[in-house]
Amino acid sequence: DERQEIDKAEAGDIIAMVGVDCASGDTYCNDGHNWTMESMYVADPVIELALKPSKQEDLAKISKALNRFMKEDPTFKVSVDEESNETIIKGMGELHLEIYVQRIQREYKADVIVGQPKVNYREAPSIEASFDYKHKKQTGGAGQYGQVVGTLKPLPEDSDTNFEFVNKIVGGNIPKEYIPGCEKGFRESLEKGPLAGYQVIGVQILLEDGSYHPVDSSEMAFKVASRNAFKQAFLGSKPTILEPIMKVEVETPTEFQGPVQGDLSSRRGFLSGSDMRDDYTIIQSEVPLSEMFGYSTELRSMTQGKASFSMEFSTYRGVPQSIQEKLVAKFKEEQAKG
């Protein structure tokens, strides 16, 4: 609540400015200098919530709030689900999204109805698989024709990218102008995987051969062929569902160490270490995000409200077979209804 007005600030100073329109990560320079600082690393969101206004007249307020939050926080994302037309907010954890929902209600006086949190699973291939797909459609006028042949490979775990497209066509079996259509078809297939409808990561596509028709071939025909080829190869690559694993650090009075560690283990957690600090124990662990819902309440009741925890995204890892089967069955059920 104390403020000191200043005329200038230099490198290293931490200052506050009022009424400046900016977003996290922006760089300010003197006139004539066109510099920008390196952008910060922004992890992909791992959890999502559907929300809608309880009163339709609050829609504008909610929209204003969400736009402001996205500007402030690059890890907070907003999108609209095309099928349900719901607004989806995505972030780095249950608490992260909970705070923004409370801020909408408190700062913007808008009531929202919140859905169940959903974990952002991923799909990935585990072995190499080949594809050979011919898209052939004959209608009244010009038809559609495109054939793509190649291999789908899993990318190494430490790869910097989630998708790699390698064009190995020689001799013009697929003309150059249709190659971007092929890449687009494969790239679009990643958005919703054929196994359980989650985003696909860790894929390399080698386009090795194909064929075209001088009249019926088009970029669109090759895009459709590539989409179907992807589905064919991906389902043959022993695909696995990956779940976000969170790095969880709990600070608890030492007397509650046993129950806290036991609880983390029961959540499929892997205990990676612990430190002592006075009468407190700091427990480090890696726990699947899907097992962490409602954890803050459980931890409070287990430790008489004396423990606290922090959580951040660590990596993606394969889910147990039983959970994969449930997720695939649920996806097939939804498709049958849809």
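The values are calculated or read from the model by the stated rules, or taken from the named source; none is laboratory data. Computed from a predicted model, the values in this text were never measured in an experiment. Cβ atoms come from the backbone with ideal geometry, glycine included; neighbour counts cover every protein chain shown. Remember, those area values only see protein heavy atoms, side chains included, never the ligands or the DNA or RNA. Shrake-Rupley method; radii C 1.70, N 1.55, O 1.52, S 1.80 Å.
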Pairs where the first residue, in segment 136-158, is hydrophobic (A, V, I, L, M, F, W, C) and the second is open to solvent by 80 Å² or more (accessible area, probe 1.4 Å) and in a strand (DSSP E or B), C-beta under 6 Å, 6+ apart: 149/132
Out of (1) open to solvent by less than 80 Å² (accessible area, probe 1.4 Å); (2) out of contact with any helix residue (DSSP H, G or I) (no Cβ under 8 Å at 6 or more places or on another chain); (3) of a type in the set (A, V, I, L, M), the one residue 18 does not meet is (1)
Restricting to segment 97-140, and then to whatever is open to solvent by 40 Å² or more (accessible area, probe 1.4 Å) and under 30 Å from residue 157 (Cβ atoms), can you tell me which residue is modelled with the lowest pLDDT? 118
If you go through segment 56-64 one residue at a time, do you hit one that is open to solvent by less than 100 Å² (accessible area, probe 1.4 Å) and acidic (Asp, Glu)? yes
Select, from 48, 10, 2, the only residue that is closer than 28 Å to residue 107 by Cβ, of a type in the set (D, E, K, R), open to solvent by 80 Å² or more (accessible area, probe 1.4 Å) and not in a helix (DSSP H, G or I). 2
Can you tell me which of (1) out of contact with any helix residue (DSSP H, G or I) (no Cβ under 7 Å at 6 or more places or on another chain); (2) open to solvent by 50 Å² or more (accessible area, probe 1.4 Å); (3) closer than 15 Å to residue 219 by Cβ is the one residue 168 doesn't meet? (3)
Out of (1) more than 21 Å from the chain's Cα centre (by Cα); (2) assigned to a helix (DSSP H, G or I), the odd one out for residue 27 is which? (2)
What is the residue count in segment 182-222 for residues that are free of Cβ contacts under 8 Å to residues at least 60 places away in the same chain and either aromatic (Phe, Trp, Tyr) or farther than 28 Å from residue 156 by Cβ (or both)? 3
Inside segment 28-45, can you point out the residues that are at pLDDT 85 or above and either open to solvent by less than 90 Å² (accessible area, probe 1.4 Å) or of a type in the set (Val, Ile, Thr) (or both)? 32, 33, 36, 45
Within segment 194-201, does at least one residue satisfy the condition of being assigned to a strand (DSSP E or B) and within 30 Å of residue 310 (Cα to Cα)? yes
Open to solvent by less than 70 Å² (accessible area, probe 1.4 Å), out of contact with any Gly (no Cβ under 6 Å at 6 or more places or on another chain) and either at pLDDT 90 or above or among the small types (Gly, Ala, Ser) (or both): is that true of residue 193 in this structure? yes
I want to confirm something. Restricting to segment 285-334 and keeping residues that are small (Gly, Ala, Ser) and in contact with a helix residue (DSSP H, G or I) (Cβ under 6 Å, 6 or more places away or on another chain), which single residue is nearest to residue 266 (Cα to Cα)? 285
Could you tell me which residue of segment 163-178 is farthest from residue 124 (Cα to Cα), considering only residues that are in contact with a strand residue (DSSP E or B) (Cβ under 8 Å, 6 or more places away or on another chain) and β-branched (Val, Ile, Thr)? 174
Given the residues 97, 59, 49, which is the only one that is more than 26 Å from residue 315 (Cα to Cα) and not basic (Lys, Arg)? 59
